[in-house]
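Notes follow once the structure below has been shown.
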Amino acid sequence: MLRNERTGVVRPYVPTLADIQRRGAELLGLAAQPQRQQHTQPPETDPFPPASPDRVPLPESPRTPSLCPAPKPNLGEAALHGLAGLAVRTIAPHTEADPASILLQLLAIFGNLVGRGPHCMVDATRHGLNLFVVLVGDSSKARKGTSWSQIARLFAEVDHHWLSTRVTAARLTASGLVYALRDQQPPTDRRLLALSEEFASVLRALKSGNGHLSPLLRCAWDSGHLPTLDMHQHLQATATHISLIAHVTQQELAQNLHRTEAHNGFANRCLWGWVQRSNCLPEGGSLSANELTTVARELRRALDWTTSAPEILFRRDAAARELWQDRYSALSQLRVGLRGAATSRAEAQVLRLSAIYAALDSTSVIGLPHLQAALAVWDYCYASASLLFGMSTGDPVADRIRQAIEASYTGLSKNHIRRLFHGHVESNRIDAALEKLVALGALSVHNEPTGGRPSTLWSAIKEGEHDENGESVVEEEEPAEDE
């Protein structure tokens, strides 16, 4: 608070952009060292003290959704059901890669291997088992590439021909995808797994708005029918089965995932996984060939089952239907912000995951363990998305307000929020931004006594004031009349 010595009026301190950036760096420094005691309320004379010299702030990003402010989410034990669990438990002790990255890539690979035949139906919508998985972690230290190498070694024994011919690490382009899977006579293999270990370049292409890559990828996830892009050659690709495994750092994601792609349906077709190194193995792992062959043999048996019929339709049994009905309302709940945009296809993602777990068990019946495993994976991906996208909205006005309020220890009034924009943003847009932030759970509202008409202050909701799903548990007061 600042006090006017002449009038005695006390008002909140309005942070400058430099204050916001300094406070953000300080908070990120705290996140990087969670064992240190959290920052306490500073003296009123110094609302924004400099970061302590023993804290090393992470690199700043001027337009970041929010660099991971909390520990990595836990992968539930239910996710390690059946063959997927056997593979992870076999590989994980012998690698520094995150078990979650091994599991997510295994599910994506198997979902591509089985092709278009296995599927689920929701009303008239057909869902194949192809997944888009994006692994996010620190460059080199998260061992994303290591996790792929381990999985590739396993599936080389399952189906070496698929690994050598249907997996591409070439740069993703719209024309390249259509040409690779173009309709031909005789028909060619419709499967393709795109491995993008430098996904930042793809995000930059999506961000630029040039070309047709974004709508093409959305069509690939949905129906597999890729529209004609070259009107001169009349190329098209129908009945394709495309999966995606992408690796990116959090900094690259923050800088390059444009809000248009977050909100137009591309982001919610992805399963987001925050991964990091899980082991420290100076001499590397010692996974024996026999152990790997045992897992590969079981995966091969499950793959043979999926190809035993041209079409396999997956349905839930009674126990799975009961659990699905219990969780459906939460899965289909509308959430705001980038986190909501990136996770708004929860029902379809869980459906596909549960069918993959059933296929790994060589059954077309989605049982309770399969759905529980799928929900555990989804919970992990939702928690990852919450960490990656935080309270960002994708709205520059709302995000500027949120950053300023987070940088203020006392909260800001409506008048102070208006001053952030120097009169260049209309009041109704500021009101809409505040409503969005309150709905997101980023801000709380309370009335401050002033001796006359109370003043309404907006304050940031701190860590620990959200439930396990990231939702706010703070009750807001009704705002007073505009001060």
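The values are calculated or read from the model by the stated rules, or taken from the named source; none is laboratory data. Quick caveat, the model's predicted, so the values are computed rather than measured. Every residue, glycine among them, receives a Cβ derived from its backbone with ideal geometry; neighbour counts consider all protein chains shown. When the accessible area is computed, the model is the full protein with side chains, heavy atoms only, and any ligands, DNA or RNA have been set aside. Shrake-Rupley method; radii C 1.70, N 1.55, O 1.52, S 1.80 Å.
Observations on the structure shown:
- Boolean, Ala108 is surrounded by fewer than 22 Cβ atoms within 10 Å (Cβ to Cβ) and within 28 Å of Glu252 (Cα to Cα): no
- Annotation note: Cβ proximity below 8 Å between a residue of segment 298-311 that is within 11 Å of Gly115 (Cβ to Cβ) and a residue that is polar (S, T, N, Q) and open to solvent by 90 Å² or more (accessible area, probe 1.4 Å) (sequence gap 6+ or interchain) occurs for no pair.
- When segment 143-192 is filtered for residues that are part of a loop (DSSP other than H, G, I, E, B) and either open to solvent by 60 Å² or more (accessible area, probe 1.4 Å) or under 14 Å from Leu106 (Cβ atoms) (or both), the ones remaining, listed by number, are Asp159, Ala169, Ala170, Arg171, Asp183, Gln184, Gln185, Pro186, Pro187.
- If you go through segment 361-372 and keep only what is open to solvent by 10 Å² or more (accessible area, probe 1.4 Å) and assigned to a helix (DSSP H, G or I), you end up with Leu368, Pro369, His370, Gln372.
- Number of residues in segment 431-466 that are at pLDDT 50 or above, assigned to a loop (DSSP other than H, G, I, E, B) and of a type outside the set (S, T, N, Q) equals 9.
- Count of segment 89-120 residues, restricted to those that are in a helix (DSSP H, G or I), touching a Pro at 6+ places or on another chain (Cβ under 9 Å), among the small types (Gly, Ala, Ser) and over 16 Å from Ala220 (Cβ atoms), is 2.
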